[in-house]
Each structure stands twice: as C-alpha cells, then as structure tokens.
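The values are calculated or read from the model by the stated rules, or taken from the named source; none is laboratory data. Computed from a prediction, not measured in an experiment: that's the story for all the values here. Cβ coordinates were reconstructed from backbone atoms using ideal geometry, including for glycine residues, and neighbour counts include every protein chain displayed. Accessible surface areas use protein heavy atoms only, side chains included; no ligands, DNA or RNA. Shrake-Rupley method; radii C 1.70, N 1.55, O 1.52, S 1.80 Å.
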Amino acid sequence: MNIRPHYRTIVLSDIHLGTTHSKVNQVSDLLSSVDCDRLILNGDIIDGWSLQKSGIKKWKAEHTRFFKILMKMMENCGTQIIYVRGNHDDFLDNLIPLQFINLSLVKDYTLESNGRYYFVTHGDVFDKVTSGMKWLAKLGDIGYTLLLEINSMYNKYRTKRGKPYFSLSQAIKQKVKKAVSYISDFEHVLVDFARSRKCDGVICGHIHHPENRMINGIHYLNSGDWVETLSALTENNDGEWNVIYYNEIADKLNKDNKVLSLISAAS
C-alpha cells in the first residue's frame, strides 16, 4: 500500500541553511515523505551571507542530510532539480549556468504547465533594496535575525503557558503600512514583468510570504519560507497549484502511519 503523495512539481525557497532559525529538519522530513518529477529550489537555500560571517562551524549534519535526500530523489525517482540562485546564495554566480545530469543551476527559469508558462525567479532582482543597496539589505537581514531571536524567546514563554506559536515578523508585515505596501509593490512588479515576458504566471520567493492568487490576470505564486511559515508550492498532474504547510503534511503523515500500523496489526 503506497500512500506517498506524488506531485509533478514542488517549489521550495528561503531555507537559509547555515542560519540558526532554518527549519532544515522539517523540510528534509517533507522531502523524505513525498515523490515529485521536478523540484525547484527557488533561491536562498544555502545562506552564504551567514556562512561567510561564521565559517563552516554553522554547517551541521542535518544540512548534509538535506543534500543527501536531494541526491536520493535524483537517483531513485529521477527527479529533475532546478536550483535558482537567490541573493543569499549569490556565491553561485560564478557557476551559473550549470547542467549536471538532472541538476541545473540557473538565474531564472521558465516552467511549462499544461500549456501555461510561468516565469520562475527568486525575486531579489525585483527588490530595489537587495538589487541596488546590498549594504542596506544586509543591515535588514541583521534586524530580521534579531527579530527572530526575540520571537523565539517570546514563543518559549507562550509555550510554557499552553499558547500556540505567534510570529512577530508576520504580524508586523500585516500591520505596518510600509511592510504591506512593500509586499504589494513587489507582487505587482513581478506580475508586470511576467506579462512582459508573455508568461501566464510568476513563481517566486524572497519575501517569506506564501501566496497563490490571480493578480490582474497573471497567476502569482510565492513559496514562502522554511524559517517561519514552513511552506511550499505543489503542482499536481492536472496543473493545479497549491500552497502546502509542513504542519498540515505532518498531521496527515501521522494519520497515515497510524492507518498503516492498524492494517499491519490486523494482517
């Protein structure tokens, strides 16, 4: 009895391997429990900015496990892996473009899905801060990391009192006018660019804000991140796209494992 979900495409971004807050074990668990024909790693998978500051001491066994899982996907399932560089893994620039067996390193990518075309980009080149003022982007990265530290301490306090996880950064994005405006501007710039490329949709990451909606006739998809939202994009064989969350997948897997245990015990 095979209950492993199968997808035509999975899109992951913003894992930020090498940082304290990367949920690498969760994303590895996800990839270990599904099959897919195509995996798009849409930027900021390895956080070169963090590793540059701390060296290899932040590289741990769980990071190596993640890449071993990718190799198993390519070997056992023939999964095609497309790695789109982001701003935090811009150290890959000297290697791009690179094609090795069924692994590709690219700056951007065009995906065909049931006769529709999607422009795939991490999205940083459409962000005025990261593309034009790298020093300011790195300063913002330090601020975001500090916010995550505060958030971690706050949620330990909430957990002790039986309260659910609360994201300070997501709350700020939803309530601060400039943050809301930034997200909206980012989305519309990408949508306009996709239209100029004669594409039906755009797939991105970068802003850690998962989304699946139509904007002015263009299908806008954002895969979120594996720091807080723990989200991914999936495409089924009918070309239907969805945002999935790790917690939902983990709950389903736990239920499926219980069913398998009951079947095994009965037999």
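Evaluate the following for Ile3: is it open to solvent by 10 Å² or more (accessible area, probe 1.4 Å), in a helix (DSSP H, G or I) and not aromatic (Phe, Trp, Tyr)? Working first, answer last.
Details: open to solvent by 10 Å² or more (accessible area, probe 1.4 Å): yes; in a helix (DSSP H, G or I): no; not aromatic (Phe, Trp, Tyr): yes.
Criteria not met by Ile3.
Of all residues in the range 23-39, those that are at pLDDT 95 or above and of a type in the set (Lys, Arg) have Cβ atoms under 7 Å from Cβ atoms of residues that are outside any helix (DSSP H, G or I) and open to solvent by 30 Å² or more (accessible area, probe 1.4 Å), 6 or more apart or on another chain, in Arg38/Arg8; Arg38/Gln80.
State whether one or more residues within the range 59-70 are among the charged types (D, E, K, R), farther than 18 Å from Ile244 by Cα and open to solvent by less than 40 Å² (accessible area, probe 1.4 Å). Give the steps one after another, and end with the answer.
So the first thing to find is which residues in the range 59-70 are among the charged types (D, E, K, R), and the list is 60, 62, 65, 68.
When the remaining residues are screened for being farther than 18 Å from Ile244 by Cα, the result is 60, 62, 65, 68.
Adding the requirement that they be open to solvent by less than 40 Å² (accessible area, probe 1.4 Å) leaves none.
There is no residue in the range 59-70 that is among the charged types (D, E, K, R), farther than 18 Å from Ile244 by Cα and open to solvent by less than 40 Å² (accessible area, probe 1.4 Å).
In a residue-by-residue description of the range 93-103, the property of being surrounded by 18 or more Cβ atoms within 10 Å (Cβ to Cβ) and in contact (Cβ under 8 Å) with a residue 12 or more places away in the chain applies to no position.
Does any residue of the range 9-16 turn out to be under 19 Å from Ile81 (Cα atoms) and either in contact with a Cys (Cβ under 6 Å, 6 or more places away or on another chain) or open to solvent by 50 Å² or more (accessible area, probe 1.4 Å) (or both)? Before the answer, list the steps.
Step one: filter the range 9-16 for residues under 19 Å from Ile81 (Cα atoms), giving 9-16.
Checking which are either in contact with a Cys (Cβ under 6 Å, 6 or more places away or on another chain) or open to solvent by 50 Å² or more (accessible area, probe 1.4 Å) (or both) leaves us with 10.
Looking through the range 9-16, at least one residue is under 19 Å from Ile81 (Cα atoms) and either in contact with a Cys (Cβ under 6 Å, 6 or more places away or on another chain) or open to solvent by 50 Å² or more (accessible area, probe 1.4 Å) (or both).
What's the number of the only condition in (1) over 21 Å from Asp44 (Cβ atoms); (2) of a type outside the set (Phe, Trp, Tyr); (3) open to solvent by 70 Å² or more (accessible area, probe 1.4 Å); (4) modelled with pLDDT under 90 that Leu253 fails to meet? Answer for Leu253: the failing condition is (3).
Working carefully through the options Glu75, Glu62, find the one that is at pLDDT 90 or above and either over 18 Å from the mean Cα position of the chain (by Cα) or in a strand (DSSP E or B) (or both). Break it down stepwise before answering.
Numbers: Glu62 fails: either over 18 Å from the mean Cα position of the chain (by Cα) or in a strand (DSSP E or B) (or both).
Going through Glu75, Glu62 in turn, the sole match is Glu75.
Entry remark, the range 224-243: residues being aromatic (Phe, Trp, Tyr) and more than 13 Å from Val24 (Cα to Cα) number 1 in total.
So which of Lys128, Lys173 is modelled with pLDDT under 75 and under 20 Å from the mean Cα position of the chain (by Cα)?
On the way: Lys128 fails: under 20 Å from the mean Cα position of the chain (by Cα).
Being modelled with pLDDT under 75 and under 20 Å from the mean Cα position of the chain (by Cα) holds for just one of Lys128, Lys173, which is Lys173.
If a residue must be of a type outside the set (A, V, I, L, M) and either buried (at least 23 other Cβ atoms within 10 Å of the Cβ) or modelled with pLDDT under 95 (or both), how many such residues does the range 217-227 contain?
Number satisfying all stated conditions: 5.
Say whether the condition of being within 30 Å of Glu240 (Cα to Cα), assigned to a helix (DSSP H, G or I), within 14 Å of the chain's Cα centre (by Cα) and among the small types (Gly, Ala, Ser) is met by at least one residue in the range 20-42. Checked the range 20-42: at least one residue is within 30 Å of Glu240 (Cα to Cα), assigned to a helix (DSSP H, G or I), within 14 Å of the chain's Cα centre (by Cα) and among the small types (Gly, Ala, Ser).
Would you please name the residue that is surrounded by the fewest Cβ atoms within 10 Å (Cβ to Cβ), looking only at residues in the range 191-216 that are touching a residue at least 60 places away in the same chain (Cβ under 8 Å) and under 12 Å from the mean Cα position of the chain (by Cα)?
Of the residues in the range 191-216, the ones touching a residue at least 60 places away in the same chain (Cβ under 8 Å) are 193-194, 197-208.
Still in the list and also under 12 Å from the mean Cα position of the chain (by Cα): 203-208.
Details: Ile203: 30, Cys204: 31, Gly205: 32, His206: 26, Ile207: 21, His208: 24.
Among residues in the range 191-216 that are touching a residue at least 60 places away in the same chain (Cβ under 8 Å) and under 12 Å from the mean Cα position of the chain (by Cα), the one surrounded by the fewest Cβ atoms within 10 Å (Cβ to Cβ) is Ile207.
Residues in the range 176-187 that are surrounded by 15 or more Cβ atoms within 10 Å (Cβ to Cβ), at pLDDT 65 or above and of a type outside the set (Ser, Thr, Tyr) were compared, and the one that is farthest from Phe126 (Cα to Cα) is Ile183.
Scanning the range 194-217 for residues that are touching a strand residue (DSSP E or B) at 6+ places or on another chain (Cβ under 7 Å), more than 18 Å from Asn242 (Cβ to Cβ) and not in a loop (DSSP other than H, G, I, E, B) turns up Ala194, Arg195.
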